[in-house]
Amino acid sequence: MAIADDLKKTLKDPTPLYFAAGTADLAVQQAKKVPALIEQLRAEAPARIEAVKNTDPKAVQEAVTAKVTEVLGSIDPKKLGETAQDLALRGVGVAAEYAVRAKETYDKVAEHGEQAVRTWRGEVAEEIVDIAEAVEPEPATQEPEQAGDAEPAEASAEEKPAAKKTTARRGTAKKAAATPGEES
C-alpha cells in the first residue's frame, strides 16, 4: 500500500520526476565536456609531474609544521568557549542559508527537467501550434439560408456541430491554476 500511495502522490506532484529528468539532462551535458577535459589534463600532466618531482619534501614539511605551530599558539583557552558558541550560531545560520539555496536549486533543476521532458516529447512545438491556433482561430463558415423556408434554416442551425473547443494540456492547466504568490 505504501508504494501505491507514494506513486499516487508522485503523480499528483511530478516535481521529483522532473528533478530526476533535469539531473539526467544536466549530467549528459556535463559528460559531453569530459573528452575536452581529458585532453587538457593530458597536455598539462608532464608539467605538473615535473613540478612535483622538483619539490623539496623537507621544505614542505617545515612550512606545514610552522603553520600548525602558529595556529596552535594563537589559541586562547579562555576565549575558546565563546568562540565555539559563536561558531555554532554561525553554523546554524549557514545551514539555514544552504537549505534555502538547496530548495532554489532543486526548483531550478526540476524546471530544467520539465523543459527537457517537453523537448524530448516534442511538446514545445505542439504548444507553439496551440498558441498560434488560439491567436488566429479558423474563420467560421456561414451557410446560405434557403429563401422562403424558415423552418429548415432553424433545423440546420441545430444540426451544426458545436464550435471546436480547445482543451488545455495538463501541465498548462496546472500552471494556470496556480496563483502568482503560491508555491508548490
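Suppose the filter is on the phi < 0 side of the Ramachandran plot, free of Cβ contacts under 8 Å to residues at least 40 places away in the same chain and in a helix (DSSP H, G or I); does A20 pass it?
Criteria not met by A20.
Of all residues in segment 62-83 being of a type in the set (V, I, T) and at pLDDT below 85, which is surrounded by the most Cβ atoms within 10 Å (Cβ to Cβ)?
The initial filter retains those residues of segment 62-83 that are of a type in the set (V, I, T), namely 64-65, 68-69, 71, 75, 83.
Keeping just the survivors that are at pLDDT below 85 gives 75, 83.
Details: I75: 9, T83: 12.
Out of the qualifying residues, it is T83.
Filter segment 9-54 down to the residues that are more than 30 Å from K103 (Cβ to Cβ), among the β-branched types (V, I, T) and surrounded by 10 or more Cβ atoms within 10 Å (Cβ to Cβ), then identify the one that is farthest from the chain's Cα centre (by Cα).
Filtering first and then ranking leaves I49.
The values are calculated or read from the model by the stated rules, or taken from the named source; none is laboratory data. Just so we're clear, the structure is a prediction, and the values are computed from it rather than from any experiment. Neighbour counts are summed over all protein chains in view; Cβ atoms, including those assigned to glycine, are modelled from backbone coordinates with ideal geometry.
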